[in-house]
Every structure is written in C-alpha cells, then in structure tokens.
Amino acid sequence: MDPITLDCAALTTREINAALAALPDGGHARVTAPWGRHNLAVGLANRITVEIEGNAGYFIGGLCGGLSGGPDVLVDGFVGWSVGENLMGGTVRVRGNASECAGASAHGGTVIVEGDASSRAAISLKGGTVLVGGDVGHMSGFMAQAGVLLVGGDAGHALGDSLYETVIYVAGSIASLGSDARVEDLTDDDVLTVKRLADRAGFDHVDPENVTRVASARELYNFDALSDQRY
C-alpha cells in the first residue's frame with residue numbers, strides 16, 4: 001500500500017489522528033510539517049506505520065495499542081513531554097532526544113529514544129519497555145512497577161526511586177540511586193535480555209556484559225511502624 005501524506009500545515013490534529021485511525025492494518029502514513037505539534041498519532045489500535053517528519057510536541061504516540069498490537073510510530077526529530085505515554089502496544093521510536101516522562105505509565109509496547117531522555121523517563125512504568133540510547137535525567141524509573149528500562153548512557157540522580165518490579169539496566173554511570181533501589185549482580189539471563197533489547201533498538205554501543213542492573217530492595221513494600229520508634 002502506498003503511503004498517504006498528512007500535512008500538519010493544512011490539517012488539524014484531530015483530522016490527522018482520525019485519518020490515521022481509519023487506515024487498515026498494513027497502512028502507511030507520512031505526517032509532514034509537524035513543527036512541534038502535540039498529540040500526534042494518539043489512541044491508535046491498528047497495525048500501521050506512521051512517520052512523523054520533524055520535531056513533534058507532547059504525548060506523541062500515547063494511548064496506542066490493542067489486541068492487534070498497535071502501530072509503529074517513527075519520529076524523525078525531537079519530541080516533548082510524555083512520548084508513548086500509557087502505551088499498550090506497538091512501537092514508538094524517536095530519532096532525536098525526548099523531554100520529560102518518556103514512556104510514562106506504559107503498560108506494553110516499546111518506546112525507543114535514540115538520543116537522550118530528560119527527567120522521569122519510564123515513570124510509573126507498568127509493563128512496557130523503554131530503551132534510551134543516551135542519558136536519562138533525575139528520578140528516572142520512579143515508582144516503576146513492571147517492565148524494563150535500558151539506558152545506553154548515564155543516569156541522573158535518584159534512579160529507580162520507590163521502584164517496584166521494573167528492572168533497570170545502565171551502560172554508563174549512575175549519579176545516585178533513589179529510595180529502595182539497589183545494584184544487583186548481573187546474571188546470564190540479564191546479559192541475554194540486554195543483548196536482545198540493544199539489538200532491537202540498534203544500540204551498538206551497549207555492551208550487554210558491562211551494564212549495571214538496578215532493581216528494588218523491596219524494603220518499602222510494607223509499612224512497619226516498629227522500624228522507627230519516632231512514629
């Protein structure tokens with residue numbers, strides 16, 4: 001199927017998203033002249049390919065996915081807050097950098113940021129996969145409940161604060177760990193997992209045998225008043 005072209009200079013965001021949602025599985029669309037437009041390619045359940053040709057704004061590819069898997073969204077540029085927010089399925093790939101909260105609350109699917117991500121990447125992750133080729137900012141992985149965060153560069157302060165069952169892999173340095181996050185030994189299964197994820201994202205610079213595994217110490221799972229007599 002030949003791709004359709006949707007021009008942001010001529011169409012509203014609602015018109016663009018309606019046209020994307022109407023495409024049959026296997027469809028292909030090019031979104032041109034985004035110029036920082038917010039909320040593009042949101043709420044899509046069909047298995048289509050969407051190419052956004054330039055920098056985009058907030059919530060790109062959010063709320064996508066369904067029983068059929070969801071779309072493949074490619075942004076050839078930078079994005080603002082919350083790319084892939086509440087993603088259920090499919091893939092959102094950003095060729096540049098991402099602002100705060102990349103992959104926030106993603107239940108499934110994969111968010112790939114080839115550049116850097118700002119603070120709170122993978123915040124409240126609920127089963128999705130967030131792959132960042134460069135650095136992530138402070139509080140990344142905050143309250144992440146399930147899924148995986150792979151960081152190909154360095155991580156900022158308070159990584160994995162209040163972490164639940166998400167596992168974080170960092171190829172570079174970690175400024176500091178958050179509450180209840182700890183470094184654990186890397187297993188053979190971890191190495192295989194990182195290799196698979198790095199290959200999928202195209203992160204040739206990530207050495208699966210030389211990443212740091214961060215997981216929950218599970219000391220905050222239950223409240224214990226007797227642990228501190230000041231209560």
Scanning segment 174-219 residue by residue, those part of a loop (DSSP other than H, G, I, E, B), surrounded by 14 or more Cβ atoms within 10 Å (Cβ to Cβ) and of a type in the set (A, V, I, L, M) turn out to be 186, 206, 211, 217
Please list, ordered by first then second residue, the pairs with beta carbon atoms under 6 Å, 6 or more apart or interchain, first in segment 23-40 and farther than 15 Å from residue 80 by Cβ, second among the basic types (Lys, Arg).
25/47
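Could you tell me which of the residues 65, 69 is of a type outside the set (A, V, I, L, M, F, W, C) and within 20 Å of residue 121 (Cβ to Cβ)? Before the answer, list the steps.
On the way: 69 fails: within 20 Å of residue 121 (Cβ to Cβ).
Of 65, 69, the one residue that is of a type outside the set (A, V, I, L, M, F, W, C) and within 20 Å of residue 121 (Cβ to Cβ) is 65.
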First in segment 52-72 and part of a loop (DSSP other than H, G, I, E, B), second anywhere and basic (Lys, Arg) and modelled with pLDDT of 95 or more, Cβ under 8 Å, 6 or more apart:
56/37; 57/37; 68/47; 69/47; 70/47; 71/47
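Out of 218, 196, 213, 182, I need the residue that is among the basic types (Lys, Arg) and without any contact (Cβ under 8 Å) to a residue 12 or more places away in the chain. Which one? Steps first, answer last, please.
Working: 218 fails: without any contact (Cβ under 8 Å) to a residue 12 or more places away in the chain; 213 fails: without any contact (Cβ under 8 Å) to a residue 12 or more places away in the chain; 182 fails: without any contact (Cβ under 8 Å) to a residue 12 or more places away in the chain.
Step by step, each of 218, 196, 213, 182 is checked, and only 196 is among the basic types (Lys, Arg) and without any contact (Cβ under 8 Å) to a residue 12 or more places away in the chain.
Out of all the residues in segment 153-164, is one or more part of a strand (DSSP E or B), under 18 Å from residue 212 (Cβ atoms) and over 11 Å from the mean Cα position of the chain (by Cα)?
Filtering segment 153-164 for residues part of a strand (DSSP E or B) gives 155, 159.
Subsequent filtering for residues that are under 18 Å from residue 212 (Cβ atoms) retains 155, 159.
Next cut, over 11 Å from the mean Cα position of the chain (by Cα) only: 155, 159.
Yes - at least one qualifying residue is present in segment 153-164.
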Considering residues that are buried (at least 24 other Cβ atoms within 10 Å of the Cβ) and in a loop (DSSP other than H, G, I, E, B), the number found within segment 97-115 is 6
Restricting the search to segment 73-96, which residues are part of a loop (DSSP other than H, G, I, E, B) and under 12 Å from the mean Cα position of the chain (by Cα)?
81, 82, 83, 84, 85, 86, 87, 88, 89, 90
Looking at this structure, is residue 149 outside any loop (DSSP other than H, G, I, E, B), under 21 Å from residue 105 (Cα atoms) and modelled with pLDDT of 95 or more?
yes
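For segment 116-134, enumerate the residues that are among the small types (Gly, Ala, Ser) and either part of a loop (DSSP other than H, G, I, E, B) or surrounded by 24 or more Cβ atoms within 10 Å (Cβ to Cβ) (or both).
Of segment 116-134, the ones among the small types (Gly, Ala, Ser) are 117-119, 121-122, 124, 127-128, 133-134.
Selection gives 117, 118, 119, 121, 122, 124, 128, 133, 134.
For segment 112-128, indicate whether the set of residues that are within 22 Å of residue 178 (Cβ to Cβ), within 10 Å of the chain's Cα centre (by Cα) and without any contact (Cβ under 8 Å) to a residue 24 or more places away in the chain is non-empty. Write out each step before concluding.
Narrowing segment 112-128 to residues within 22 Å of residue 178 (Cβ to Cβ): 113, 116-128.
Narrowing further to those that are within 10 Å of the chain's Cα centre (by Cα): 113, 117, 121-123, 125, 128.
In the following step, the residues that additionally are without any contact (Cβ under 8 Å) to a residue 24 or more places away in the chain were identified as 117, 123.
Yes, the conditions are met somewhere in segment 112-128.
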Given the structure, is residue 170 at pLDDT 95 or above, of a type in the set (Val, Ile, Thr) and under 20 Å from residue 217 (Cβ atoms)?
yes
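The values are calculated or read from the model by the stated rules, or taken from the named source; none is laboratory data. Keep in mind it's a predicted model, so treat the numbers as computed, not measured. Virtual Cβ from ideal backbone geometry, glycine too; neighbours counted across all protein chains shown.
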